[in-house]
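Written out below as structure tokens is the structure these notes cover.
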Amino acid sequence: MTQTDIAIIGGGVNGSSTGLELAKNGLNVTIIDKNFICRGASGVNAGTLTMHMTRAQLIPYAKKGWELWMNTSEWLSKEIEVEKKNGLCLAFTEDEEKLLIERSKVRKKYGADIKVISRKEAQRVDSNINPNIRCAAFCEMDGYVSANQTGYAYSKALKENKVNILENYSVSEIEYNNNKYVIVFENGEKLIASNLILATGVNLGKTLKFLQIDINIKCLPQQLIVSERMPKIMDTVITVANGKLSLKQFNNGTVLIGGGWPGIGNIEDNYTETKPENLIGNMMLACHAIPKLKNSRVARVWLGLEAETDDAMPIIGEIPNFKNAYVIGSIHSGYTSGPYMGKLLAEKILGKDVDLSLFDIKRFL
Amino acid sequence: MDLRVSSYFDRSKKVNINVNNMKIEAYEGECLAVVLFVNKIKKLRLSPKKKQSRGMFCLMGSCQECAVLIDDKKVISCNVFIKDGMKIKVGDFDKQQNKI
Amino acid sequence: MILINNKTKYDVIVIGAGPSGVSSAINCAKRGLKVLIVDSNHEAGGQIYRAPPKTYKSIPKNKLEENEIQKKMSIELKNYQIETAYNHTVWQVSPGFKVNAFNDFSTIQWETKSLIIATGTYEKIIPFEGWTIPGVIGLAACTVMLKSHHFIPSKKIILAGNGPLLILVAYYISKFGGKVDAIVDTCSKLDWIRSTLSLITNQKNFNDGIKWIFKIFLNRIPVHSNCKIEKAVEVDGGIKVKILNLKTGEYKNIFSETIAIGHGLTPSTDITRLLRAEHIYDEHKGGWIAKVDRFLRSSVNGVYLAGDGAGISGALAASDKGLLASTALLYDKKIISKKEFDTNTRKIKKKLDKYEVFAKAISKLNSIPKKLIENIHEDTIICRCEDITKKEILSAVDQGAKDINQIKSWTRLGMGPCQGRTCQYTASKIIAEYLNCEIENLGYLTGRSPIRPVPIDRVLGDFDYEKITKVEAAPL
């Protein structure tokens, strides 16, 4: 039986960021994942770093997360593709214009530097957008990460900081004995940890049950579409007023279309399936925003499973009645703020004064 | 030497197509990828990172290497059949595909 | 919105109108089932009997045997009133089943409870330095050019790789007035002689083979046995090729206009992987194939495999495999009795067993010598779509990538338009050789939709912004 200071179950952005920060502060960390790390939502999401789609209350955290992503060479790995871009949120109809103005006001209140601009101004920001917009919201603090590189980048950083990574290890039981957590794996091995962090993303509901905690974590299967490589057809990250589109072009020319159009999926057998009608709706929206996209071909479609609590706010912090046990997950726009949320949780564990009351799991118990 | 084999089939009518503003003679209905190949237009596009020339490879619709631009849209030429007046662009797609 | 929902209830949809697809479609139609057969080509025939372009007119006094077979297939489909969807490329199949395809104008969706997958094979081509030079094409590509499009690729050509396509292509190039500058075969002449005993069990194919080999002798085509292409470079007027003798280590330079290369066939698993069927690795059968029972039922209820997609056994066996799979389907749908099922399948299996001897011999000739993989220079591009070199793949392995999906995630291998069809086999071989592990341990690329790139304009057509499916705004 091996021992560790901190066992983190779930090696996605949340778990890995927390682990990385703790390891940098000298703790002995073991990250456990039933697959390879960052292969869940962290590795397949759209990688959008935008304030336009972030939950208003989470904007302060997303801003900090954005700053971390823009400086990965300081804490992660130089090799992950991160680009700062201007972000435009488009409104095509009168209703959308109203919605956009309202929402921009709220987001601004929470700290996002969002300005509503005219069609002409928007065209100056990006000449490729559909000229038939009524107005747009503009934010300089936008951009993207190439999410499929997340695992590669974190793997390197974690190994450099002496974190043990147990990949393809499935947990079958968690026992609490003598102030220690005994993690029992399906292959019979065991790991003893003084501290436990649960960061299993969309499977958090299942994992919490190991501690007899019953919280509903919704599984939202989101479809993503990527085009073939294209010549440059956009220069910004594009979203729309109703929040159902995210659009960006990577350096390699491929265009990624997202926006939370659901496919079919569940966590029981990790099954996902494309819903063609939603593919088409999503693409229509994308082509309406950037007309030149029509000339391209769809190269790949895939799904990611997103976690959401009943009130759509994160759960981060101590797990009541369990000493030295913590949880982190269900963060909307979690990829953007993940590195920062992980840092916060790590700081809390290290004894610093961190206010996570907004994300207290107690509200569900 | 015409690389066409005429022992078993007669072609249909002779037509002209336009490849990068160059006139090429072909027969209606022939496979575009093949016509380009035998007319020594083998370099159809550039590879993504190394920008090396690529061309027809599997002729079965699997490899996607034989893509050309028709009406600014990327199509695989092994699935395209010659029509009179067809306009095709080959080469550096980044430069060829229209910008506003 | 252009998603045409064809409301006809089909009892079975056959994907692929090659010999196995056609024979299974007819078998089902004979029993009164409502059948739809789908193919991306404009006619039935598959690759082996691929119809020439629509505009070609057959010369009555000089008929090509394959063309006659193809025409018969097409007529039979009509006679049994089997609905055909030619020029349709399938891009997704979802469980239950819904088959999505696109044609030149739009996308269409069909529904059925039973699927026969008869999508055949792709060619395996083991890379070498310079294999991406335009002018280097597949041996199968060359075959299609000769026998379906009726062109020779250039006046002069070098043929390389292994297996029966080498001699078939050499025959037709010579017959049609071209010159084969050399045949570069990884096999030895002894390998060929040794396979004679098994090849002769298929009289017709054997006779064809003799005819082809005879022409190679007659035309004094230089045959470099035990050799592989090490490197190709573009030079004035063509391609210069450096060949390596795998036995003696000797190098030789030869030159020609076109290089056609192929190392056998591998079954197409796009749809079975998409449907999450179980797959097994069988080198003799061509690589990863969907797991099937003795009657070609896959691990997914309602999905049957026909033809070479169920393991490479050649064209003659394909038709019988189609019969076998469709017989199982008919029995499962309670259309035929157990007695009929037993009798018919026994007969078919007897014929198929005979073809197996021939098939095994062919697969031996198509075997990939270890040196072919070991020897690939590290700067050689493996994933053509994304320009990923052998060095980059092994670098990811060094970093800890342990299976082919992780390699894909970290390097982008298989993320391009071909979705790994061209490179998965070689990439797996390279990694297995490097890690000294079994290919099975690396898994296979997870099936992802679309299985062919979908032109966005076909999917959208002209649309009204207001008509985009009304979606609730995301929460604030």
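Remarks
- Any chance A:Cys89 is open to solvent by less than 20 Å² (accessible area, probe 1.4 Å) and in contact (Cβ under 8 Å) with a residue 60 or more places away in the chain: yes
- Of everything in segment A:129-157 that is surrounded by fewer than 22 Cβ atoms within 10 Å (Cβ to Cβ) and in a helix (DSSP H, G or I), the residue that is modelled with the highest pLDDT is A:Ala157.
- Qualifying positions in segment C:283-332 - of a type in the set (Val, Ile, Thr) and either open to solvent by 20 Å² or more (accessible area, probe 1.4 Å) or part of a strand (DSSP E or B) (or both): C:Ile289, C:Val292, C:Val300, C:Val303, C:Ile312
- The residues of segment C:422-462 that are within 11 Å of chain B (Cβ to nearest Cβ) and at pLDDT below 95, listed by number, are C:Ile451, C:Arg452, C:Pro453, C:Pro455, C:Ile456, C:Asp457, C:Arg458.
- Number of the condition not met by C:Leu372 [criteria: (1) farther than 18 Å from C:Leu265 by Cβ; (2) at pLDDT below 95]: (1)
- Evaluation of C:Ser24 against (1) away from chain B (no Cβ under 14 Å); (2) outside any strand (DSSP E or B); (3) surrounded by fewer than 17 Cβ atoms within 10 Å (Cβ to Cβ) (one fails), failing number: (3)
- Among the residues making up segment A:251-280, those that are more than 19 Å from A:Met51 (Cβ to Cβ), within 11 Å of chain C (Cβ to nearest Cβ) and assigned to a loop (DSSP other than H, G, I, E, B) are A:Asn252, A:Thr254, A:Trp261, A:Gly263, A:Asp269, A:Asn270, A:Thr274, A:Lys275.
- Filter pass, B:Leu3 being among the aliphatic types (A, V, I, L, M), closer than 20 Å to C:Asp457 by Cα and at the interface with another protein chain (Cβ under 10 Å from one of its Cβ atoms): no
Yes or no, residue by residue, for (1) more than 21 Å from C:Ile48 (Cα to Cα); (2) among the β-branched types (Val, Ile, Thr):
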site	(1), (2)
C:Cys187	yes, no
C:Lys211	no, no
C:Thr248	yes, yes
C:Ile271	no, yes
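- If you go through segment A:1-38 and keep only what is basic (Lys, Arg) and under 13 Å from A:Tyr154 (Cα atoms), you end up with nothing.
- The single condition from (1) more than 30 Å from A:Asn177 (Cβ to Cβ); (2) touching a Phe, Trp or Tyr at 6+ places or on another chain (Cβ under 7 Å) that A:Ile197 fails is (1).
- Within segment C:42-57, considering residues that are more than 14 Å from the chain's Cα centre (by Cα) and surrounded by fewer than 24 Cβ atoms within 10 Å (Cβ to Cβ), the one farthest from the other protein chains (Cβ to nearest Cβ): C:Glu43
- Residues of segment C:215-272 that turn out to be in contact with a helix residue (DSSP H, G or I) (Cβ under 8 Å, 6 or more places away or on another chain) and among the aromatic types (Phe, Trp, Tyr), as a count: 0
- Complete set of residues in segment A:238-250 that are open to solvent by less than 10 Å² (accessible area, probe 1.4 Å), part of a loop (DSSP other than H, G, I, E, B) and either under 10 Å from A:Ala286 (Cβ atoms) or more than 10 Å from every other protein chain (Cβ to nearest Cβ) (or both): A:Leu245
- Residue ID - nearest to the other protein chains (Cβ to nearest Cβ), chosen from residues in segment B:67-79 that are in contact with a strand residue (DSSP E or B) (Cβ under 7 Å, 6 or more places away or on another chain) and touching a residue at least 12 places away in the same chain (Cβ under 8 Å): B:Lys74
- Qualifying residue in segment A:190-198 (condition: open to solvent by 10 Å² or more (accessible area, probe 1.4 Å) and either under 26 Å from A:Asp311 (Cβ atoms) or at pLDDT below 95 (or both)): no
- Test: residue in segment B:42-52 that is in contact with a Gly (Cβ under 6 Å, 6 or more places away or on another chain), farther than 27 Å from C:Gly264 by Cα and outside any loop (DSSP other than H, G, I, E, B): no
- Qualifying residue in segment C:73-95 (condition: within 14 Å of chain B (Cβ to nearest Cβ), free of Cβ contacts under 8 Å to residues at least 40 places away in the same chain and more than 20 Å from C:Gly307 (Cβ to Cβ)): no
- Under the condition of being aliphatic (A, V, I, L, M), touching a helix residue (DSSP H, G or I) at 6+ places or on another chain (Cβ under 8 Å) and under 25 Å from A:Asn128 (Cβ atoms), the residues counted in segment A:201-233 number 4.
- So A:Leu305, is it more than 10 Å from chain C (Cβ to nearest Cβ), open to solvent by less than 10 Å² (accessible area, probe 1.4 Å), part of a strand (DSSP E or B) and of a type in the set (A, V, I, L, M, F, W, C): no
Residues are listed down the side, and each one gets a yes or a no for (1) away from chain C (no Cβ under 12 Å); (2) under 20 Å from C:Pro153 (Cα atoms):
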site: B:Met22; (1), (2): yes, no
site: B:Ala26; (1), (2): no, yes
site: B:Val35; (1), (2): no, yes
site: B:Asn39; (1), (2): no, yes
site: B:Lys49; (1), (2): no, no
site: B:Glu65; (1), (2): no, yes
site: B:Ile82; (1), (2): no, yes
site: B:Lys87; (1), (2): yes, no
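- Flag if A:Leu285 is more than 10 Å from chain C (Cβ to nearest Cβ) and closer than 30 Å to A:Cys135 by Cα: no
- The condition of being open to solvent by 10 Å² or more (accessible area, probe 1.4 Å) and in contact (Cβ under 8 Å) with a residue 60 or more places away in the chain holds for only one of A:Lys206, A:Lys180, that being A:Lys206.
- Selection count, segment C:140-177, where residues are open to solvent by 10 Å² or more (accessible area, probe 1.4 Å) and more than 18 Å from the chain's Cα centre (by Cα): 9
- Flag if A:Glu67 is at pLDDT 95 or above, farther than 17 Å from A:Ala137 by Cα, among the acidic types (Asp, Glu) and assigned by TED's automatic domain parsing to the domain that holds A:Tyr340: no
- Taking each residue of segment C:242-253 that is outside any strand (DSSP E or B) and looking for partners that are at pLDDT below 95 and not hydroxyl-bearing (Ser, Thr, Tyr) with beta-carbon atoms closer than 9 Å, six or more apart or interchain, yields C:Leu246/C:Pro369; C:Leu246/C:Lys371; C:Leu246/C:Leu372; C:Leu246/C:Asn375.
- Residues of segment A:158-174 that turn out to be touching a residue at least 40 places away in the same chain (Cβ under 8 Å), open to solvent by 10 Å² or more (accessible area, probe 1.4 Å) and within 11 Å of chain C (Cβ to nearest Cβ), as a count: 3
The values are calculated or read from the model by the stated rules, or taken from the named source; none is laboratory data. The model shown is predicted, which means the values in this text are computed figures rather than measured ones. With ideal geometry, Cβ positions are generated from the backbone for all residues, glycine too; neighbour counts draw on all protein chains shown. For the accessible areas, the whole protein counts, side chains as well, though only heavy atoms, and no ligand, DNA or RNA atoms are used. Shrake-Rupley method; radii C 1.70, N 1.55, O 1.52, S 1.80 Å.
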